[in-house]
Each structure stands twice: as structure tokens, then as C-alpha cells.
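Have a look at the structure below before the remarks.
Coordinate-derived values only; no laboratory data. Computed from a predicted model, the values in this text were never measured in an experiment. Every residue, glycine among them, receives a Cβ derived from its backbone with ideal geometry; neighbour counts consider all protein chains shown.
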Amino acid sequence: MNSDLVERVKLFVAHQRGVKVSRLTLQTTLQDDLGADGADGWELIEEFGRQFEVDISAFQPRKHFGPEGCGCIFLCLFFPWLLGEPDDILRDYVPISICDLVEAAKAKRWLK
């Protein structure tokens with residue numbers, strides 16, 4: 001894996017999420033580890049696409065991020081008619097790691 005590209009992606013994510021680069025590994029996930037969710041997550045991916053010239057037209061935000069904030073699980077469990085059944089949302093969730101971003105930057109298109 002191109003170490004220069006890995007460092008550039010880590011610097012980008014660290015800046016976007018306000019964390020130290022040293023905290024990030026290839027396995028760090030945007031939502032679970034860094035709290036990027038809802039509109040914040042989608043904005044991060046849009047900016048990633050611009051900065052790394054990645055075609056994100058195939059990106060599906062609902063697949064990777066819940067609604068704004070950490071209320072997705074709460075809402076799904078207590079108000080399932082708002083967002084669908086909890087099992088459906090949890091089953092369809094696909095986390096995005098730093099490694100996924102690096103691979104997308106190399107390919108110049110969204111891969112997940």
C-alpha cells in the first residue's frame with residue numbers, strides 16, 4: 001500500500017474529525033471509531049471525493065451512516081416506523097475504514 005497516500009488520507013480524516021493522526025490506523029472506522037454520522041459523514045465523503053478526485057457517484061450514505069447524531073439505534077429500537085425495522089438497518093450497515101478510503105483514492109472511484 002502506498003505509504004504516502006495512506007498518510008495523506010489519515011491527515012485528511014484527522015483534520016475533518018478533529019483528531020490526532022497518531023490515533024488513526026487503517027482499521028479505524030469513520031462512524032464507529034470517529035463518530036462521523038448522518039450529514040457529517042456524508043460531508044466528509046463529499047470532501048474526500050473532491051480532494052482525492054474520487055468518483056463517489058456510487059456512494060450510498062444510508063448504507064454507511066445513520067441519521068445525524070447517535071440516535072439511530074435509539075430511534076430504530078423505540079420508533080421503528082420512522083426508519084425501518086432495527087434488524088434491517090443494522091444488517092445493512094457497512095462501516096467505512098481508513099483502508100477503504102485509501103483503496104477508493106487509489107482506484108479513483110467508490111468501491112464499497
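By the beta-carbon count within 10 Å of each Cβ, the least crowded to most crowded order of LEU5, LEU101, LEU11, LEU44, fewest first, is LEU11, LEU5, LEU44, LEU101. Note on LYS106, LYS63: ascending count of other Cβ atoms within 10 Å places them as LYS63, LYS106, the fewest first. Database remark: amide H of ARG109 closer than 5 angstrom to the amide H of ASP55 (H placed geometrically; neighbours at sequence offset of 5 or more, or on other chains; Pro and chain starts carry no H).
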